[in-house]
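Asker: Structure in structure tokens, see below.
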Amino acid sequence: MRTKTLLIIISLLSPLLMRAESRLLLSPDGKLAVNISVEEGVATYSITYDGQQMMLPSRLGLQSNIGDYTKGLTLKEAKSGSVEKHYDMTRTKTSHSDYQANTLDITLLNAQKHPMTVTFMVSNNDVAFRYTLHRQAKDNPKCAIITSEASSFRLPNGTTAFLSPQIDPMKGWERTKPSYEEVYSADAPMTTKSQFGEGYVFPALFHIPNTTAQPQQGKAKAGDGWVLISETGVTSGYVGSHLSDFNTETGYTIAYPMAGELNGLGSTAAGIAVPGSTPWRAITVGTSLAPIVETTISYDVVEPLYEPSQQYEPGRYTWSWLIWQDKSINWNDQVQFIDLAAAMGFEYCLVDNWWDTQIGRDRMAELSKYAQQKGVSLMLWYNSNGYENDAPQTPRQCMNTSIAREREMKWLHSIGVKGIKVDFFGGDKQQIMQLYEDILSDANRYGLQVIFHGCTLPRGWERMYPNYVASEAVLASENVFFTEDAAIRQPFDLTLHPFCRNATASMDWGGIIMNRYLSRDNKSRHSRKTTDVFEMASGITMQSAIQCVAIQPNNLTELPQVELDFLKQLPTTWDETRYVDGYPGKYVVLARRHGDQWYIAGLNAEAQAKKLTLTLPMLKPNQTVSYYTDNQEGYAGLKQLKIDKRGQAKVVIQPNGGIILK
Ligand code: CA
């Protein structure tokens, strides 16, 4: 073919070639690369880390009542920039974050030539993106309803998933679902159908095997990819979303609430003022589990929404309800748990449901006074429900309207109560997100910290709401009490959550359990399956600024002094968190720093003892540390351990056991 003819053919083809427009965005260290492309009217993004594919081209876009922004798209402009933030925070895995990201604002026009901007923030191990809708003509529209998103997540072939299914609404106990209390799968093929056909809740963890590396026994291979997907910055201004079921072509897509949530009332769509933005879709990426454990992306792209009315104190709480249940909500039993908190030097005692009828409001004022004389503050349980489920526990209808909250919180403040635990919410619709935010902002006026149970995943809330502490949003300790199956599964759960649920947000697991049996007499019902050091170490591997130590009055005389001494000084706030070793659902070793003191804690969920050589750069070579380890009876033994000259330590974690180095 003559050159001239070839040139003519190329020039004829060029309009077709021009149809794909793409922009590359690199992290500050250049390892994480996001490629955003618009081709044949469809916008996609893909992610590589260190040259390894982490996300295949995945859809961008949304559907709204002011236009379809999923197809017919053209790229109008792309503006790059950068963000640098250095900030302190309380109540999370770290007290300080240095956030540096490169940013790209991609403005797309839809078929009607109406604009939408997709903003990408790319830091060294995190990608966050969100959509912004703009006014179109004559300064209108000023509001929009977003009905669905096309945003999808297509992981490479061979990826396995750690996922918890979304459950159908108004199901389960007293029609309280969904409440993020289903079992996580581990390393399941992506093609596995979700248990209830409703997809999966956030966060979702994915493992991308490195097929070129040699496997190491029981370990993640070097060069394996890890991807954690969640969202952050969800306020009263949006719905909480989750992931759809897997589809071979589109992967997982952002799904909005189910129509049946909140007893069928309210929309599944989100309403925003225009211009306005969606929450951030957040993706953490690494070739080890360290970036997953250590990520602060939930906090880095959000801001505090109001000032704290006072300095809120972290701490530990005792809780009678876990093992003594409803019957224990009486004056005498609560006095025992207040005395127990005082004996342990704990800051709080949580009084669970039915206190208004089984103790009475007048006597609660006396009980709070009694607690304060002992140096303990009370936190009280509330039922959130107005019309969203049948949960019978009282007090009810005290938290669902601003009028009721004002009256209740004023009273709580007057009797010296320092916190509330509000239980049973009805899903992720925007009205429910509004309720969470209203409870938090009202509680701040009265110096009340807030824990949510039977609830959604918190999405950046520790930073956004200064009196927010933690949420359940996990199949928590109460299940270890309810069923032996959950007790058997406990080591799996607690070695999985540091890499997933608790990597994304604070988690109120509800108790380091020290009773050997899940019963008041500590003899009947089923046994606990974990060792004492497992439980003690879980107080470090689990993160919540107010941590439940579900110790029982009988434990004071039953437990070895070494265990009581450890629990008495257990910190609940951390200045730094580091991944040391582990595999989700099998074992975990984390290092957390409180002030100058590092705590290294490990849990083993496997049937064999785990012999590990830990590399501990946070400790000094040749330093001698305290080493808590399981003895033959499952109690804690305390030894000294010398860190070697290379900064390494050899440890053994027993099956369902734990270790602590400090
Ligand atoms: Ca619960």
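Asker: Where does the chain land at 222 nm, in deg cm²/dmol rounded to the nearest 500, when only DSSP H runs of n ≥ 4 count, each adding -39500 (n - 2.57), divided by all residues?
Answerer: The helix contribution divided over the chain gives -5500 deg cm²/dmol.
Asker: Show me the helices of the chain, taken as full DSSP H stretches, that run 15 Å or more along their long axis by Cα and average 0.5 or above in Kyte-Doolittle hydropathy.
Answerer: In the chain, the long hydrophobic H runs are 3-17.
Asker: Taking 4 °C and 1.567 mPa s as the conditions, I'd like the Stokes-Einstein D for the stretch 47-150 in µm²/s, using the Kirkwood hydrodynamic radius from alpha carbon pairs.
Answerer: After rounding, the answer is 82 µm²/s.
Asker: Longest span of the chain, sites excluded, free of GluC sites (Glu not before Pro) in DSSP loop with at most 10 other C-beta atoms within 10 Å?
Answerer: 250-632
Asker: Which whole number in µm²/s is D for the stretch 300-384 by Stokes-Einstein, with the Kirkwood Rh taken over Cα pairs at 25 °C and 0.890 mPa s?
Answerer: Here the translational diffusion coefficient equals 177 µm²/s.
Asker: Positive end of the charge dipole of the stretch 435-573 (Lys, Arg +1 and Asp, Glu -1 on Cβ, about the Cα centre): tell me which of GLN552, ILE439, ALA487 has its Cα farthest that way.
Answerer: With unit charges placed on the Cβ atoms, the residue in question is ALA487.
Asker: For HIS594, which sequence-distant residues (separation of 5 or more, or a different chain) have an amide H within less than 5 Å of its own amide H, given hydrogens modelled in the peptide plane?
Answerer: When sequence neighbours closer than 5 places are left aside, the close amide H contacts are ASP575, TYR599.
Asker: Another question, then. Can you put PHE196, PHE153 in order of accessible area, largest first, using a 1.4 Å probe?
Answerer: PHE196, PHE153
Asker: Given the protein chains as shown and a 1.4 Å probe, how many square angstrom of TRP461 are accessible, to the nearest 10?
Answerer: 0 Å²
Asker: For LYS138, which lysines qualify as cross-link partners when the Cα separation must be under 22 Å and same-chain residues fewer than eight apart are set aside?
Answerer: Reachable lysines: LYS76, LYS113.
Asker: How big is D for the stretch 520-595, in µm² s⁻¹ as a whole number, if Stokes-Einstein is applied with the Kirkwood radius of its Cα pairs at 25 °C and 0.890 mPa s?
Answerer: 172 µm²/s
Asker: I've got another one for you. Can you give the FRET efficiency for TRP173 and ARG19, using 1/(1 + (r/R0)^6), R0 = 51 Å, r = Cβ-Cβ distance, to the nearest 0.05?
Answerer: That pair, TRP173 with ARG19, gives E of 0.40.
Asker: At 0.36 nm per residue, minus the direct Cα-Cα distance, what do ASP596 and TYR635 gain on full extension? Give it in nm, one decimal, please.
Answerer: 11.3 nm
Asker: A further question on this structure: Hey, with R₀ at 45 Å, roughly what FRET efficiency would ASP438 and VAL83 work out to, going by the Cβ-Cβ distance, to 0.05?
Answerer: Efficiency, rounded to the nearest 0.05: 0.90.
Asker: Only sites in a loop by DSSP and with at most 11 other Cβ atoms within 10 Å count here; which trypsin sites (Lys or Arg not before Pro) in the stretch 535-595 make the cut?
Answerer: none
Asker: Hey, what's the per residue convex hull volume over the C-alpha atoms of the stretch 560-662, in cubic angstrom?
Answerer: Measuring per residue, one finds 99 Å³ for the Cα hull of the stretch 560-662.
Asker: Kindly write out, for the stretch 20-29 in residue order, the coupling ³J(HN,Hα) from the Karplus curve 6.51 cos²θ - 1.76 cosθ + 1.60 (θ = phi - 60°), rounded to whole Hz, with x marking Gly and Pro.
Answerer: With coefficients 6.51, -1.76 and 1.60, one gets 8, 10, 9, 10, 10, 10, 9, 6, x, 8 Hz.
Asker: In addition: Computed over the Cα atoms of the chain, what is the ratio Rg over Rh, Rh following Kirkwood?
Answerer: My calculation puts Rg/Rh at 0.99.
Asker: Quick check on packing: order 125-133, 47-55 by the mean number of other C-beta atoms within 10 Å, highest mean leading.
Answerer: 125-133, 47-55
Asker: Let me ask something additional. What pairs in LYS374/LYS639; LYS93/LYS418; LYS327/LYS421; LYS418/LYS568; LYS429/LYS586; LYS327/LYS374 have C-alpha atoms more than 28 Å from each other?
Answerer: LYS374/LYS639; LYS429/LYS586
Asker: Non-local amide H neighbours of ALA43 (under 5 Å, H modeled in plane, Pro and chain starts lacking H): which ones?
Answerer: Amide H neighbours of ALA43: LEU60.
The values are calculated or read from the model by the stated rules, or taken from the named source; none is laboratory data. Quick caveat, the model's predicted, so the values are computed rather than measured. Glycine also receives a Cβ, built like all others from the backbone with ideal geometry; neighbour counts cover every protein chain displayed. Please note that ligands, DNA and RNA were not included when accessible areas were found on the heavy atoms of the full protein model with its side chains. Shrake-Rupley method; radii C 1.70, N 1.55, O 1.52, S 1.80 Å.
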